[in-house]
1. What 222 nm value per residue comes from the helices of the chain, counting each DSSP H run with n ≥ 4 as -39,500 (n - 2.57) and dividing by all residues, nearest 500 deg cm²/dmol?
2. Could you give the alpha-carbon Rg of the chain over 2.2 N^0.38 Å, rounded to two decimals?
3. So what are the radius of gyration and Dmax for the Cα set of region 111-193, in Å?
4. How are the alpha carbon pair distances in region 1-132 distributed across 10 Å bins from zero to the largest one, expressed in percent?
5. Where in region 117-131 does the amide nitrogen come within less than 17 Å of the point 7 Å from the Cα of Arg167, taken along Cα to Cβ?
6. Please give every one of the lysines within straight-line cross-link reach of Lys40, meaning a C-alpha to C-alpha distance under 21 Å, and leave out same-chain neighbours fewer than 8 residues apart.
7. Would you tally the net charge around Gly80, using a Cβ to Cβ cut-off of less than 10 Å, leaving Gly80 out, and scoring K and R as +1, D and E as -1?
8. By the scheme Lys and Arg +1, Asp and Glu -1, what is the net charge of all other residues having a beta-carbon under 13 Å from that of Lys137?
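The numbers here are math on the coordinates, done by the rules we state, and not lab data. Because the structure is a prediction, the values reported are computed rather than measured. Here the Cβ positions follow ideal geometry from the backbone for every residue, glycine too, while neighbour counts run over all protein chains shown.
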Amino acid sequence: MDQKFFDIDPRLEKLGEQAQLDCAPAFARTEEIGEYNSRKVLAAFIHNGVSESHFAGSTGYGYDDRGRETLEAVMAEITGSEDALVRHHFVSGTHTLTTALFGVLRPGDVMLSITGLPYDTIQPVIGIRGENCGSLKEFGIEYRQVNLLPDGTPDIEAISEAVRDPRVKVAYVQRSRGYSLRPSINMTMMEQLIRAVRQNNPKVIFMVDNCYGIFTEKLEPTQLGADLIVGSLIKNAGGGIARTGGYIAGRRDLIEQCAYRLTTPGQGKEIGCTLGELRNMFLGLFLAPNVVCNAVKTAIFAASLFERLGFRVTPSCRDRRTDIIQSIELGSEKGLVAFCKGIQRGAPVDSFVVPEPWDMPGYENKVVMAAGAFHLGASIELSADGPIREPYAAWMQGGLTYFTGKTGLLLAAQTMLEDGVLSLEN
Ligand SMILES: *Cc1c(COP(=O)(O)O)cnc(C)c1O
């Protein structure tokens, strides 16, 4: 490149180019998935006759909002579902999951998590942590959990046993590893889980926390028989354009129940104005397969570069992926902080901010985060964080474009070099 723009050590640039060459097979697979999903989305836009008039938006109650109805029909088609809710009224992924859980569970029912302890923010929703906050537990819904095996994979035998109890109403799967080091649930494993659950209790609602997962593979869990999938629009499905919101897709009767919870019993999907958000949601969904492809490529490059630099990474640059998450074990507090500082230096927004470890409500250890995004907290944009504890792992995700994601990672390594936590001698 003629223009440097950034002061990156030439040795690092060279390592970066070598690391990128090693990614070729994984990039080819990722791009094939990106192309497949881009066509899938384009076809759904065309089949549903998406039109300029659908972007107008409604106000007040939002009756007969054709844009909203079309967007939801598009999402249903993309995910192979009977129906969907795609709304900016969902304030976060956690809120969307909360709506789905409260939508379908009733007092006396059992929610069974079959992939171990759910993501941090879901725990107070269930009633595992926190008191008097209106959790499922306080409404008489019992929670049970099948732990993962020591290697981090689901315990199919124990799941088959636990799901037989007729009180089990929901079997809950978290597709992405979140901030753990277990493997994520790819669609091969998802199919096995669905089969094991169906064989032992055909009535159970199979619900998937699909956050970080959508568009990373050709099929979504609903196309393998899951009843509901749930995710956020400031992660994969919003394509970096949707300003807020979430989606639920799946069986028509269940989507109706979720809609009664989101709005009101009786009104459900028929209300909810879209204001000026529809164009962003349509455009974001249209771009999402390509953006997710870039985020996955950024994660693969991160794995390749940091493996070359001598760090433990999961998954590796060769592994098949089912989410956009990459963890890198940086080995020391200084290393983790320098990594996050470097990611922040490469952000298009707030690049001048210097992240520092701080006490976050609800977390045992201090946490350091890098986030410089167009949408506050959007983790489809390049971002990284990690708790200040062994093994000082950073979880990074996102990258609206591979080129800028790659630059951010080189700046992370450069900052580690400058802070004396990386040596390029051997
Ligand atoms: C991000 C995430 C959530 C929660 O979404 P928020 O938008 O942060 O509330 C839940 N589950 C998983 C697996 C996630 O990655």
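1. It comes out at -12000 deg cm²/dmol, rounded to the nearest 500.
2. 0.98
3. Here Rg and the maximum Cα pair distance are 13.1, 39 Å.
4. 9, 21, 22, 23, 19, 5, 0
5. 127-128
6. Filter leaves Lys218, Lys235, Lys297.
7. Summing Lys and Arg as +1 and Asp and Glu as -1 gives -2.
8. -2
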